[in-house]
Amino acid sequence: NGQNCTIEETDEGYSITCPGQDPVTITNGRDGEDSTGLIGVLEGRITIENSLDVLLLQGVTRITGDLVIDAPGLTRVSLPNLESVGGELFLENEATLTELLLPALTAVEGDLRFNVSTVLTTFNAPVLGRVGGSIELVANRALTELILPSLETVGVDVNLRVNGEIETISLPQL
């Protein structure tokens, strides 16, 4: 309805309150485990639109479809447990995102596409070994380094265009 909601951390998890609606509680973990958000495999296409989405995805290890990052206002996305994306990993027209950190990501079965990000300086995926489709980095004006030390396989091609500040490209296993 266009109004701002509030998120508060509680003993049980998180409470989301929107004007004129009953609060929603998101409970920590499952079966008494102490973890935040979702755990394990998510099926289908997932879109990150805000910091709550990032928080909820902290325990996710696999997404069976696409992972789309469309989050105006976020400066950092870190998914420390994400190991694989069954579709494409897509970032487009991000005017505020400076860091995308995926330290456990080993495979993207579709394309890896970052298009028109004006401030992204850091993409960290140190164990990414396979991209099933193309790697496409177009008009990422602030990106200074593309370092993928574990990348061994790209299914189609690598397309780098109009990345103004890129100084280092390191794909030693490719």
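The values are calculated or read from the model by the stated rules, or taken from the named source; none is laboratory data. Quick caveat: nothing in here was measured; it's all calculated off a predicted structure. Quick reminder, even Gly has a Cβ in these numbers, built from the backbone with ideal geometry, and neighbours come from all protein chains shown. Accessible surface is based on the protein model in full, side chains and every heavy atom, while ligands, DNA and RNA are left aside. Shrake-Rupley method; radii C 1.70, N 1.55, O 1.52, S 1.80 Å.
When the solvent-accessible surface of protein heavy atoms is calculated with a 1.4 angstrom probe, in what order do V108, V156, V116 fall, highest first?
Numbers: V108 0, V156 100, V116 60 Å².
Most to least solvent-accessible, the answer reads V156, V116, V108.
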> Can you tell me the Rg and Dmax of segment 97-174, counting just the alpha carbons, in angstroms?
Replying inline: 11.4, 28
> All other residues with a Cβ under 10 Å from the Cβ of R45 taken together, and with Lys, Arg as +1 and Asp, Glu as -1, what is their net charge?
Replying inline: -3
>> Ignoring solvent entirely, what values of log10 I(q)/I(0) come out of the Debye formula for the chain at 0.11, 0.13, 0.18, 0.19 Å⁻¹ when each Cα is a single scatterer?
In response: -0.50, -0.68, -1.15, -1.24
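Let me check I've understood the local charge: for T153, count other residues with C-beta under 15 angstrom from its C-beta, Lys and Arg +1, Asp and Glu -1. What total comes out?
Numbers: positive: R130; negative: E109, D111, E152, D157.
Here the charged neighbours net out to -3.
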>> Take V41 and T75, extend 7 Å from each Cα along the Cα→Cβ direction, and tell me the distance between the two endpoints in nm.
In response: 3.8 nm
> About its Cα centre, how strong a charge dipole does the chain have in debye, to the nearest 20, once Lys and Arg get +1 and Asp and Glu get -1 at the Cβ?
Replying inline: 480 debye
> Using r as the Cβ-Cβ distance of T122 and Q21, and R0 as 41 Å, what FRET efficiency do you calculate, to the nearest 0.05?
Replying inline: 0.65
>> Ignoring solvent entirely, what values of log10 I(q)/I(0) come out of the Debye formula for segment 43-97 at 0.15, 0.23, 0.24, 0.26 Å⁻¹ when each Cα is a single scatterer?
In response: -0.37, -0.88, -0.95, -1.10
> Net charge near V119, counting Lys/Arg +1 and Asp/Glu -1 over other residues with Cβ under 9 Å of its Cβ?
Replying inline: 0
